[in-house]
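What follows is a single structure, written as C-alpha cells, with notes after it.
The values are calculated or read from the model by the stated rules, or taken from the named source; none is laboratory data. Bear in mind that the values here come from a model prediction, so they are computed numbers and not experimental data. Glycine gets a Cβ as well: all are built from the backbone with ideal geometry, and neighbour counts include every protein chain shown. Each accessible area value is taken on the protein alone, full model and side chains, heavy atoms only, with ligands, DNA and RNA left out. Shrake-Rupley method; radii C 1.70, N 1.55, O 1.52, S 1.80 Å.
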Amino acid sequence: MKIPLIKPFINGDIKKKVLEVLEGGFLTEGAVTKKFEDVFANYVQAKNAIAVTSCTTGLEIALRALSIGPGDEVIVPDYTYPATATVVTIVGAHCVIVDVDATNMLINYDAIETAITPKTKAIIPVSLFGNPLDYNRLNHIKEKYNLFIIEDAACSLGAEYKGKKVGSFADISVFSLHPRKFITTGEGGMITTENNDWADWLNSYKHFGMAMKNASREGTQFDMVGTNYKLSNVLSAIGLGQMEHIDDLLTRRKLLAGRYNDLLAEFVKISFPKIVHEGMHSFQSYCILTPMRDKIMNTLRPQGIEVQIGTYALHLHPAFQDKRYFTLAGDMKGSTTSLNNCLTLPLFHDLSEMEQDYVVKKVTELC
Ligand SMILES: Cc1ncc(COP(=O)(O)O)c(C=O)c1O
C-alpha cells in the first residue's frame, strides 16, 4: 500500500475555473486574484489580503512595508523553515535566532525577551504546522518593547485562537500556498493585515510600485520603486476553487488528526505537541514527538508510507552560522529536541480510515 504524506485537493470544478481563465486569455494577476484575495480576507476575518508569489516573498515585503532594513534586528525561531530567517537578511537587517519550546516546537517567549536589544524592531514568530501561538503573550512583548510582529503563518490557515482565525493577531501575517499546505496554488502566498496603509503599500510594491488607486491604462504612474510579486489569475483560480471547500477540508483534517491522537494515545513513547489554551490547531501537518523517530521513518518509508521530519534547526546549517548576518542566541536545546523527535504522518482529505489504521499499526509496532 502506498500512502503519500499529502495530496492537493483538486476537483472538476477547480479544473473548470482554471480552464475558464485560460480560455479568457487574461492570465496575469487580475479579477480572479482580486476575488481570491477577498474570499481569503473574509475567511480569516482580516481587513486586507494581498496575494503574492510565495510566503517567502510575502515575508520579505512585509518587512519592507515596515521599513525594516540595515541597522535593525529581527528575532526569529531556530526551528522553522529557512525562509523565516533568510528574508531578514534579504532586506539587509540582522537576524537573531532564538530557541523554541520543545513541548510545542513554537518560539520560546522567554528567549525572545532575553534577545531583545535597542536595535530590535520586529519578531517573526511561526505558528508551525498549524499550531497557533500565544498571541496574548506576544502582544504583551510587542507593547512592552514597542516592536512589530510579522507572523509566519505559512502553515496556519484555519487555525484559531480564542475562537478567532489566525490572520489578524499580528501586525502582518503571511500564509503559504505551497502544495504542502491544504489550500495550495502550486506556489503562492497571501499577506493579511488590518492596516490599510500597509496594505496599499504592499499592493503597490508588488505591482512594480504602481499607483493602484484610480489607476487606469492611460494614467499609469509609478510612485515608488517596486517589484513583481503578483499571483496570476491561473493560480488564483485554483486557490479560489479550493476556498469553496475549506470548511469541509478542515473538518476532515481535524477528524483524522483526532483519530490519530486516539489511536496513538496509549503509547508512552509517543507524545503530541501542546496547544495553547483556547487555541485550535489546523493540522496542516500532523506531527508526533517520539525518540523512535528515525527508526519509524527508516522502516515506514521503504514500505511505501511517506513520513517526514518536522522542519529544520537553523543553527545546524552553515548559512545561519555566518555571524555577519545571524546571531544564534541560546543553546537551542528545544530546537534540537524538536529536530530529533518530530515525525510528520500522512494527512490529506481523502486519507481513508483503513489507510490511517495501517499507518498507526506500522508506527506502533516500533513503539
Ligand atoms: C514556516 C514556513 N515559513 C515559510 C515557508 C516558505 O513558504 P513558501 O514556499 O510559500 O515560500 C514555509 C514553507 O514550507 C514554512 O513552512
The residue from Gly167, Gly186 that alone is in a loop (DSSP other than H, G, I, E, B), open to solvent by less than 20 Å² (accessible area, probe 1.4 Å) and within 16 Å of the ligand (Cβ to nearest atom) is Gly167
Do we have any residue at all in the stretch 136-153 that's within 12 Å of the ligand (Cβ to nearest atom), touching a strand residue (DSSP E or B) at 6+ places or on another chain (Cβ under 6 Å) and in a loop (DSSP other than H, G, I, E, B)? yes
Return the only residue of Lys323, Lys274 being open to solvent by 50 Å² or more (accessible area, probe 1.4 Å), farther than 30 Å from Val39 by Cα and without any contact (Cβ under 8 Å) to a residue 60 or more places away in the chain. Lys323
Restricting attention to the stretch 14-68, the residues that are touching a residue at least 40 places away in the same chain (Cβ under 8 Å), surrounded by fewer than 19 Cβ atoms within 10 Å (Cβ to Cβ) and among the hydrophobic types (A, V, I, L, M, F, W, C) number exactly 5
Would you check which residues across the stretch 189-201 are more than 16 Å from the ligand (Cβ to nearest atom) and crowded, with 24+ Cβ neighbours inside 10 Å and list them? Thr193
Among Thr89, Thr103, Thr80, Thr114, which is within 12 Å of the ligand (Cβ to nearest atom) and in contact (Cβ under 8 Å) with a residue 40 or more places away in the chain? Thr80
Among the numbered criteria (1) farther than 18 Å from Lys206 by Cα; (2) within 9 Å of the ligand (Cβ to nearest atom), which one does Gly158 miss? (2)
Take the stretch 112-134 and flag every residue that is surrounded by fewer than 23 Cβ atoms within 10 Å (Cβ to Cβ) and out of contact with any His (no Cβ under 9 Å at 6 or more places or on another chain). Glu113, Thr114, Ala115, Ile116, Thr117, Pro118, Thr120, Lys121
Check off (1) touching a residue at least 60 places away in the same chain (Cβ under 8 Å); (2) under 17 Å from Arg253 (Cβ atoms) for Ser335 and give me the number that stays unchecked. (2)
Consider Thr80 against the criteria (1) open to solvent by 10 Å² or more (accessible area, probe 1.4 Å); (2) in contact with a strand residue (DSSP E or B) (Cβ under 8 Å, 6 or more places away or on another chain): it satisfies all of them except one. Which criterion is unmet? (1)
Restricting to the stretch 172-183, name every residue that is open to solvent by 10 Å² or more (accessible area, probe 1.4 Å) and either in contact with a Pro (Cβ under 6 Å, 6 or more places away or on another chain) or within 16 Å of Thr84 (Cβ to Cβ) (or both). Ser176, His178, Pro179, Arg180, Lys181
